[in-house]
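I have placed the structure first, in the form of structure tokens, so that the comments after it can refer back to it.
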Ligand code: PRP
Ligand code: ZN
Ligand code: MG
């Protein structure tokens, strides 16, 4: 059997949109940490809850592998991960333990400003740049549209100008990025927000009790903010 681990490990984004609010949320639960020198691992002082600072895209995998117990991550990242597992014939490993109501965004198809939009069939045979290929492919299959998915890990919005793609499928929050790149949103694939992700299976070695305590405090903190 794997070695036991009796401290809860929570993965959060190291830098980016969800990094600050995730830390603030955990701090509002009364958590304090002693930071390691490289700040990728923060040892919890007030509760046996340690933080792991990682790339958001790595969070679902870390939980699925049991390296971390919980994570603060966008639903978009969770959905993309789950579709990867299903494609490999694996069962979904993660679920949303809580919805946090911030980090709200949409995964949208966006086309050139000056193009008319008639519907998904317009995408047939075209190249669509995205960082969420499985979510996009799932949606295309659902719409019965055959298009070419171009996977990029970032800067998706400049792909049309670079001639890498004709259309993009990217996250939209304020819409500023699309507008700055002469693109307009035409279809929504997914409504996203920050969530607490965790396994379907119960936690072991006393970590379930720590997680319960943390989530009770979190529910209190979230209620106070309403
Ligand atoms: C997302 C998305 C867009 C931007 C949209 O990127 O990829 O670039 O936000 O936000 P807006 O509608 O408010 O302009 P993000 O900054 O989260 O990180 P990234 O570098 O991983 O794309
Ligand atoms: Zn990311
Ligand atoms: Mg971006």
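Read the figures in this text as sums done on the coordinates, not as results from a lab. Here the structure is a predicted model, which means the values were calculated and not measured. Backbone-built Cβ (ideal geometry, glycine too); neighbour counts: all protein chains shown.
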Percent antiparallel among DSSP beta bridges (both partners in region 105-191, rounded to 5): 65 percent
Global geometry of region 105-191, whether rounded, prolate or oblate, following the gyration tensor of its Cα atoms and the 1.5 cut on a/c: rounded
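Using helices alone, I'd like the mean residue ellipticity at 222 nm for the chain: each DSSP H run of four-plus residues gives -39500 (n - 2.57), total over residue count, nearest 500. Each step should come with its number before you reach the end.
Values: 7 runs with 67 residues, N = 226.
After summing the helix terms and dividing by residue count, I get -8500 deg cm²/dmol.
Report for region 1-112 the percent antiparallel among DSSP-assigned beta bridges with both residues inside it, nearest 5.
Values: 5 of 13 bridges.
Here the antiparallel bridges make up roughly 40 percent for region 1-112.
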Helix 207-225 vs. the chain, principal-axis angle (Cα, 0 to 90°, nearest 10): 60 degrees
For 132, 41, order by how many other beta-carbon atoms lie within 10 Å, fewest first: 41, 132
Prolate/oblate/rounded call for the chain, Cα gyration tensor, a/c under 1.5 rounded: prolate
Cα long-axis angle, helix 133-143 against the chain (0 to 90 degrees, to the nearest 10): 50 degrees
The chain: most fluctuating residue of 116, 148, 99 per GNM, C-alpha cutoff 10 Å: 116
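Need one word for region 1-61: rounded, prolate or oblate. Basis is the Cα gyration tensor (sqrt eigenvalues a ≥ b ≥ c); a/c below 1.5 gives rounded, then a/b vs b/c decides.
Values: a/c = 1.68, a/b = 1.15, b/c = 1.45.
The shape class here is oblate.
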For the chain, built as a Gaussian network whose Cα springs stay under 10 Å, the top-fluctuating residue of 113, 57, 166: 113
Crossing angle, helix 75-87 versus the chain [Cα axis fit, 0-90 degrees, rounded to tens]: 80 degrees
Order of 128, 210 under a 10 Å beta carbon neighbour criterion, fewest first: 210, 128
